[in-house]
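Remarks on the structure that follows.
Each reported figure results from applying straightforward, stated rules to the coordinates on display, with no laboratory input. All figures in this text were calculated on a predicted structure; none of them were measured in a lab. Cβ atoms come from the backbone with ideal geometry, glycine included; neighbour counts cover every protein chain shown.
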Amino acid sequence: MNNKNLILAIETSCDDTSIALVDNTGFVLAQFSASQDDKHRVFGGIVPEIASRNHTIAVLPLVENVFRESGKNWANISGIAVTSRPGLLGSLLVGVMTAKMLALVNKIPFVGVNHLEGHLLAPFLRDAKTSPPEGFGFPFLGLVVSGGHTTIYEALEFGKYKAIGATLDDAAGEAFDKFAIKVGLGFPGGAKVDTAAKSGHVDAFNFPRALTQKGNLNFSFSGLKTFAQDFLNKMPEKERDLRLNDLCASFQEAIVDQLINKLKFAQEKTKLKQVIISGGVSANSRLRFKAKEWADAAGLLLVLPPIRYCTDNAAMIGYVGMRRLALGLASPQSLGPSARSFEGDFC
Ligand code: KG4
Ligand code: ZN
């Protein structure tokens, strides 16, 4: 079969290089990602120059990988989707330049995609193992929660998204990562805190919850982060190690509580009956459990994409790009990367 109906998707906005092949129905034929965690761990955070250099090394071999895995080739590709905003400028630049070059060489269109729109629409992705629940579609309420973002959107229709609440300071993932370093779990630490928390008690320590007033849809995590740092500074190292699981469970609960409470307020305000959570932190097992508990009790349809489509991935960019290209919305060769979202990406 030589149908020319596939989108090649490129994601390089932060420190993961990811390439995927998505068809014109949102089915993912292949996805390969290269993590740079080992390169940044020693610095305790992402070093932008190291991130972009490693994207240049990884990006084209990953394109070869998706072709090999799927048995497809350039004759099957009708367009290219690439994350062009927001993110680290140098990282985005690698993806955007690669997309423009591949589009020129293969005489096909390309489209720049907003990374956050990718996270928001990840629940629509399908593959051999997953598909969205029957009847899921617009409009829905979406929480995108990652290392760089914590925002609630009203997703009204394709291309029309209203940001109705966002963090006033740190993102939830950032708070997880800082805490993990402080308790000796290393970087990035969200998943490690999650694992340690499984054998801890959520109410062993009392960490603060911010902006709890009913109806307030904004988030704040910097107070929690500072409180935890001070608290740990005062705790003898030996006790800290002995109580690690309790510390992780209690800290995690403070973040999850805030995320769920804001979602509840947003749902009460918008009355939307479908809710999605996406972004790296949505991989958190406690968040997934609490969200499901709430959705079941409130009679809501909750969609939590599989982890491979929650953390940074190219498939979600391919889905958005596929829909934009179908509407004739290709980008010009003059498009460059942007550290910020475009005015008009969200209303
Ligand atoms: O979406 P993502 O892969 O990249 C960004 O766009 O930021 O999110 C990465 C973030 C990191 O802060 C990481 O610690 C966090 O997601 N994360 C988690 C878990 N898995 C990843 N946080 C809490 N629990 C997890 N299981
Ligand atoms: Zn992301």
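Applying both filters, DSSP loop and at most 16 other Cβ atoms within 10 Å, to the trypsin sites (Lys or Arg not before Pro) of segment 1-59 gives K4. Listed peptides 276-282, 168-174 appear in the order 276-282, 168-174 once ranked by packing, highest mean of other Cβ atoms within 10 Å at the front. Temperature 4 °C, viscosity 1.567 mPa s: under these conditions the Stokes-Einstein estimate for the chain, based on its Kirkwood radius over C-alpha pairs, is 63 µm² per second.
Counted over all Cα-Cα pairs of segment 204-257, pairs farther apart than 15 Å make up 50 percent.
Restricting segment 65-159 to GluC sites (Glu not before Pro) that sit in a DSSP loop and have at most 15 other Cβ atoms within 10 Å of their own Cβ leaves E134.
For I7, neighbours were defined as the other residues whose beta-carbon sits under 12 Å from its Cβ, and their charges (Lys and Arg +1, Asp and Glu -1) total +3. Peptides 195-206, 259-270, 81-92, ordered by how many other C-beta atoms sit within 10 Å of their residues on average, highest first, read 81-92, 259-270, 195-206.
Each residue, E343 and L156, gets one label point 7 Å from its Cα in the Cβ direction; the gap between the two is 1.9 nm. Distance distribution note for segment 281-347: the fraction of Cα pairs above 14 angstrom is 75%. Computed over the chain with a Gaussian network model linking Cα atoms closer than 10 Å, the most mobile of G299, G45, G137 is G299. For H201 and F227, FRET efficiency with R0 = 22 Å and r from the beta-carbon atoms, rounded to 0.05? After rounding to 0.05, the efficiency reads 0.75. Extension gain, I181 to M97, is 26.8 nm, computed as 0.36 nm per intervening residue step minus the present C-alpha separation. What percentage of all Cα-Cα pairs in segment 208-344 are separated by more than 23 Å? For segment 208-344, the share of Cα pairs beyond 23 Å comes to 54 percent. Using the Stokes-Einstein relation with a Kirkwood hydrodynamic radius computed over Cα pairs, the translational diffusion coefficient of segment 92-152 at 4 °C and a viscosity of 1.567 mPa s comes to 90 µm²/s. Segment 125-214 has equivalent-ellipsoid semi-axes of 30, 19, 14 Å, by the square roots of 5 times the alpha carbon gyration tensor eigenvalues, sorted largest first.
Our estimate of slack between L60 and S35, defined as 0.36 nm per intervening residue step minus the Cα-Cα distance, is 7.5 nm. Summed over all non-identical Cα pairs, the Kirkwood treatment of segment 127-278 gives a radius of 16.5 Å. Site pair L168 and N24 shows an inter-label distance of 4.9 nm when each label is modelled 7 Å from Cα along Cα→Cβ.
From the largest down, segment 29-124 spans 42, 29, 26 angstrom on the principal axes of its Cα atoms. For the chain, the longest principal axis of the alpha carbon atoms and the long axis of helix 89-106 meet at an angle near 20°. Exposure proxy for D241, D246: other Cβ atoms within 10 Å of each Cβ, ordered fewest to most, give D241, D246.
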